[in-house]
Amino acid sequence: SDPPNANGLAHFVEHMVFMGTEKYPDENEWAAFLSSHGGEDNGETDAETTCFYFDVHPNYLREGLDRFCQFFAAPRFAWGSSEREVKAIESEFQQAKTSDSNREAQVHAALIDEAHPYNTFGWGDRRSLVERPAAARVDMQREMRQFHAQ
């Protein structure tokens, strides 16, 4: 679950692992590889898990798996990509917050015991990922690395 000073961190990490690795450092390298080999990818984070998946033409599966595994073995967490990814998360949140099922989930989260991990704002937005951590002098790049290492 997210640390108390960084609601939405798991979702943020989900976005940031796609932005380059030690072996494949260019933040657009993965997207270019998939695009040029008939592939696509996605990830999703919920209250308990994060799931990543991709597909690619079978002739490029071995290379694709090598690249994909690097997200988990050695992500860069390049801070230059973070602002764009925060904007993407904010956009997702703005679209999703009007959904009845998402509103219901937030009501459940608000009603559960405060000590329970579900009692957080797991989606994340600009306030929880940038503004509040900055005000509290939280190093979000360090938080991402620590969270990923767990």
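The values are calculated or read from the model by the stated rules, or taken from the named source; none is laboratory data. Please read these numbers as outputs of a predicted model, since none were measured by experiment. Note that we place each Cβ from the backbone using ideal geometry, even for glycine, and neighbour counts take in every protein chain shown. In case anyone asks, the SASA skips ligands and DNA or RNA and just uses the protein heavy atoms, side chains included. Shrake-Rupley method; radii C 1.70, N 1.55, O 1.52, S 1.80 Å.
Observations
- Within region 103-136, tally of residues that are open to solvent by 50 Å² or more (accessible area, probe 1.4 Å), out of contact with any His (no Cβ under 7 Å at 6 or more places or on another chain) and either closer than 16 Å to Asp46 by Cβ or part of a helix (DSSP H, G or I) (or both): 17
- Flag for Gly38 being farther than 30 Å from Glu114 by Cβ, part of a helix (DSSP H, G or I) and of a type in the set (Gly, Ala, Ser): no
- Candidates Ala6, Ala31, Ala47 - the one that is open to solvent by 20 Å² or more (accessible area, probe 1.4 Å), part of a loop (DSSP other than H, G, I, E, B) and of a type in the set (Gly, Ala, Ser): Ala47
- In region 10-51, residue nearest to Leu129 (Cα to Cα) [restricted to those that are under 10 Å from the mean Cα position of the chain (by Cα) and among the acidic types (Asp, Glu)]: Glu14
Every residue, every condition in (1) modelled with pLDDT of 90 or more; (2) open to solvent by 80 Å² or more (accessible area, probe 1.4 Å); (3) aliphatic (A, V, I, L, M); (4) at negative phi, yes or no:
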| position | (1), (2), (3), (4) |
| --- | --- |
| Tyr60 | yes, yes, no, yes |
| Phe68 | yes, no, no, yes |
| Phe71 | yes, no, no, yes |
| Pro75 | yes, no, no, yes |
| Ser82 | yes, no, no, yes |
| Val86 | yes, no, yes, yes |
| Ser91 | yes, no, no, yes |
| Gln95 | no, yes, no, yes |
| Ser99 | no, no, no, yes |
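- Of the listed requirements (1) over 18 Å from Phe12 (Cα atoms); (2) free of Cβ contacts under 8 Å to residues at least 40 places away in the same chain, Tyr24 misses just one: (2).
- From Ala10, Ala47, residue being modelled with pLDDT under 95, over 16 Å from Asp125 (Cβ atoms) and among the hydrophobic types (A, V, I, L, M, F, W, C): Ala47
- Looking only at region 34-44, and only at residues there that are acidic (Asp, Glu) and loosely packed, with under 12 Cβ neighbours inside 10 Å, the one that is nearest to Met16 (Cα to Cα): Glu44
- Residue, surrounded by the fewest Cβ atoms within 10 Å (Cβ to Cβ), within region 14-23, restricted to residues that are under 20 Å from Ala88 (Cβ atoms) and of a type outside the set (Val, Ile, Thr): His15
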